[in-house]
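In what follows, a structure is listed as structure tokens, so that the remarks can point back to it.
The values are calculated or read from the model by the stated rules, or taken from the named source; none is laboratory data. Remember, it's a predicted structure, so these values are computed and weren't measured experimentally. For neighbour counting, all protein chains shown are included, and Cβ atoms are generated from backbone atoms with ideal geometry for every residue, glycine included.
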């Protein structure tokens, strides 16, 4: 055989080499990819199972979506506590910290695990934003973080201008509304009541203050669940190889064809420039934020709210604007009635409604003072 040599591997070397080979054949990997893609496109719902966050150019997996993926792959989650701190604040500020682990099992086989933590010192739990009249007595407002905000009050509340009782506020608070209405800087809006109906109100600029959350202990269970949710999502992304499906719009992902020997197609043209990121919901009006949150918690509230909004646009003579906004966001006849589309449409309707009321206020005749 000349200088040629034959390498003979012992069984342990063969076993070690096999450990570097994939478990799936290429066609099996293709089938798995297409199965997950089809599941994502047909079963996963935008706004419910995955959503978008302003400034992040990819869908984000939400807890309901993670649970659906686990069911699809036959995975059972098991949670364990890695570390926790529960200080109820008897000697100072309360602290609740939870570090959780989630393991995903398929039968007796551990497929993946992920960790997540949450604590009461996170900004969204530790603080809340409040108008000046809700800053606790004795707290130095000069030392508090502030930001521009918007506050609103019903017409009847401004007329009463109560300074005592359950709904009482400082006289300066009501004076700010009356001054803004007089100099036409106040904005006319329709404000939602607790029963779901809307009444005329005025909205003005206002400084809001970041104050400590006085009821942090009430959120201890919420913080624990958040840690577990983060661990579940981390484990799901690993177990299902799902990160790829949430780095691009799943509607634009094409199924993979089986390998072939044909010449490759020409490169696709460059995609259009992406649209600028939507306005952060933290920058939106508080009343609008509340409505959007209600949509996410109860999608059944969308239709009656849109119907009520439609009546208002008709009453002010702008029914065509309502129809145009819905059509623009895919909610016209035959459109896709998704949560994401409804939220986008309602934001646009809200903005258009504010413009209409500003226009009406500007066109209103100025009353001459008596005497």
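From the list 243, 197, which residue is under 30 Å from residue 357 (Cα atoms) and either out of contact with any strand residue (DSSP E or B) (no Cβ under 9 Å at 6 or more places or on another chain) or free of Cβ contacts under 8 Å to residues at least 24 places away in the same chain (or both)?
Values: 243 fails: under 30 Å from residue 357 (Cα atoms).
The match here is 197.
Scan the range 172-183 for residues that are out of contact with any helix residue (DSSP H, G or I) (no Cβ under 6 Å at 6 or more places or on another chain) and either within 13 Å of residue 291 (Cβ to Cβ) or at pLDDT 85 or above (or both) and jot them down. Lay out the reasoning, then the answer.
Narrowing the range 172-183 to residues out of contact with any helix residue (DSSP H, G or I) (no Cβ under 6 Å at 6 or more places or on another chain): 172, 174-176, 178-183.
Within the range 172-183, 174, 175, 176, 178, 179, 180, 181, 182, 183 qualify.
On the basis of being under 12 Å from residue 345 (Cα atoms), touching a helix residue (DSSP H, G or I) at 6+ places or on another chain (Cβ under 8 Å) and not assigned by TED's automatic domain parsing to the domain that holds residue 150, does residue 313 make the cut? Break it down into steps so the answer makes sense when it comes.
Working: under 12 Å from residue 345 (Cα atoms): no; touching a helix residue (DSSP H, G or I) at 6+ places or on another chain (Cβ under 8 Å): yes; not assigned by TED's automatic domain parsing to the domain that holds residue 150: yes.
Judged against the criteria, residue 313 is not a match.
Residues are listed down the side, and each one gets a yes or a no for (1) under 21 Å from residue 291 (Cα atoms); (2) in contact with a helix residue (DSSP H, G or I) (Cβ under 7 Å, 6 or more places away or on another chain); (3) at pLDDT below 80; (4) surrounded by fewer than 18 Cβ atoms within 10 Å (Cβ to Cβ):
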position: 303; (1), (2), (3), (4): yes, no, no, yes
position: 308; (1), (2), (3), (4): yes, no, no, yes
position: 317; (1), (2), (3), (4): no, no, yes, yes
position: 322; (1), (2), (3), (4): yes, yes, no, no
position: 330; (1), (2), (3), (4): yes, yes, yes, yes
position: 333; (1), (2), (3), (4): no, no, yes, yes
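Does residue 114 count as in contact with a helix residue (DSSP H, G or I) (Cβ under 7 Å, 6 or more places away or on another chain) and either surrounded by fewer than 18 Cβ atoms within 10 Å (Cβ to Cβ) or part of a strand (DSSP E or B) (or both)? Explain how you work it out, then say what you get.
Values: in contact with a helix residue (DSSP H, G or I) (Cβ under 7 Å, 6 or more places away or on another chain): yes; either surrounded by fewer than 18 Cβ atoms within 10 Å (Cβ to Cβ) or part of a strand (DSSP E or B) (or both): yes.
Judged against the criteria, residue 114 is a match.
Can you find a residue that is surrounded by 18 or more Cβ atoms within 10 Å (Cβ to Cβ), modelled with pLDDT of 90 or more and either at positive phi or not assigned by TED's automatic domain parsing to the domain that holds residue 165 (or both) anywhere in the range 85-93?
Among the residues of the range 85-93, not one is surrounded by 18 or more Cβ atoms within 10 Å (Cβ to Cβ), modelled with pLDDT of 90 or more and either at positive phi or not assigned by TED's automatic domain parsing to the domain that holds residue 165 (or both), which makes the answer no.
To keep it simple, each residue is scored yes or no on (1) exposed (fewer than 13 other Cβ atoms within 10 Å of the Cβ); (2) at pLDDT 90 or above.
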residue: 11; (1), (2): yes, no
residue: 14; (1), (2): yes, no
residue: 23; (1), (2): yes, no
residue: 48; (1), (2): no, no
residue: 58; (1), (2): no, no
residue: 61; (1), (2): no, no
residue: 74; (1), (2): yes, yes
residue: 99; (1), (2): no, yes
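Specify the residue that is surrounded by the fewest Cβ atoms within 10 Å (Cβ to Cβ); the eligible residues are those in the range 25-46 that are part of a helix (DSSP H, G or I) and in contact with a helix residue (DSSP H, G or I) (Cβ under 8 Å, 6 or more places away or on another chain). Walk me through it before giving the result.
The first filter runs over the range 25-46 and keeps only residues part of a helix (DSSP H, G or I), leaving 26-42.
Still in the running and in contact with a helix residue (DSSP H, G or I) (Cβ under 8 Å, 6 or more places away or on another chain): 36-37, 39-41.
Working: 36: 19, 37: 17, 39: 17, 40: 23, 41: 13.
Going through the qualifying residues, I end up with 41.
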